[in-house]
Structures are given as structure tokens and as C-alpha cells.
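What follows is a set of notes on a single structure, which appears directly below.
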Amino acid sequence: MNSTRQVNVHEAKTHFSQLLEEVGAGAEIVIAKAGRPVARLVPLEPRRPVRQPGYLKGKLDVPDDFDAPLPDAIVEGFAGAP
């Protein structure tokens with residue numbers, strides 16, 4: 001449901017819970033005062049999923065020498081040595 005509709009302030013106050021349900025379902029509501037749009041209710045963007053530490057356990061191989069010093073040739077490459 002990606003529709004937009006306009007309601008007046010009185011209707012917005014009277015039916016606020018219903019309007020929130022519509023917005024939660026994807027609608028956009030424009031609130032007007034004396035027929036002139038003054039505000040817009042829109043759905044929030046979805047939140048990122050909560051990170052779960054350890055969810056990749058057993059799916060990755062980390063070599064034993066993961067944190068060993070790099071060979072000199074690679075270090076020199078990062079340093080910009082000729």
C-alpha cells in the first residue's frame with residue numbers, strides 16, 4: 001500500500017491511531033489546516049537487524065598466523081618504498 005491521502009487536523013486528532021496503522025502499512029498521510037498541507041506522516045525506514053556476535057562461528061577459517069607480522073616486501077609496498 002503506497003498511497004497518499006490528505007486529512008484535516010480535526011480528523012487527524014480524532015483518528016490518529018488509525019492513521020498510524022495506515023502509515024505503518026506503507027501509506028503516506030498529509031495533514032492539512034484550512035485545506036493547506038502543513039505536515040506529512042510517513043513510515044520510518046526499517047531498522048538494521050541486530051548484530052549477533054558469533055553467528056559466523058564455524059563458517060570462517062582463521063589461520064593460526066593471522067596476526068603474524070607481514071613479510072618485509074608487503075610492508076615496503078604499503079610504505080611506498082621504491
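The values are calculated or read from the model by the stated rules, or taken from the named source; none is laboratory data. The structure displayed is predicted, hence computed values, not measured ones. Ideal geometry is used to build each Cβ from the backbone, glycine not excepted, and the neighbour counts take in all protein chains shown. These area figures cover heavy atoms from the full protein model, side chains too; ligands, DNA and RNA do not enter into them. Shrake-Rupley method; radii C 1.70, N 1.55, O 1.52, S 1.80 Å.
Summary of computed values
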| item | result |
| --- | --- |
| Residues that are surrounded by 10 or more Cβ atoms within 10 Å (Cβ to Cβ) and either outside any loop (DSSP other than H, G, I, E, B) or of a type outside the set (A, V, I, L, M) (or both), drawn from the stretch 42-57 | Pro43 |
| Complete set of residues in the stretch 16-41 that are open to solvent by less than 70 Å² (accessible area, probe 1.4 Å), within 13 Å of Gln6 (Cα to Cα) and in a loop (DSSP other than H, G, I, E, B) | Ala27, Gly35 |
| Filter pass, Leu60 being hydrophobic (A, V, I, L, M, F, W, C), exposed (fewer than 10 other Cβ atoms within 10 Å of the Cβ) and under 30 Å from Arg5 (Cα atoms) | no |
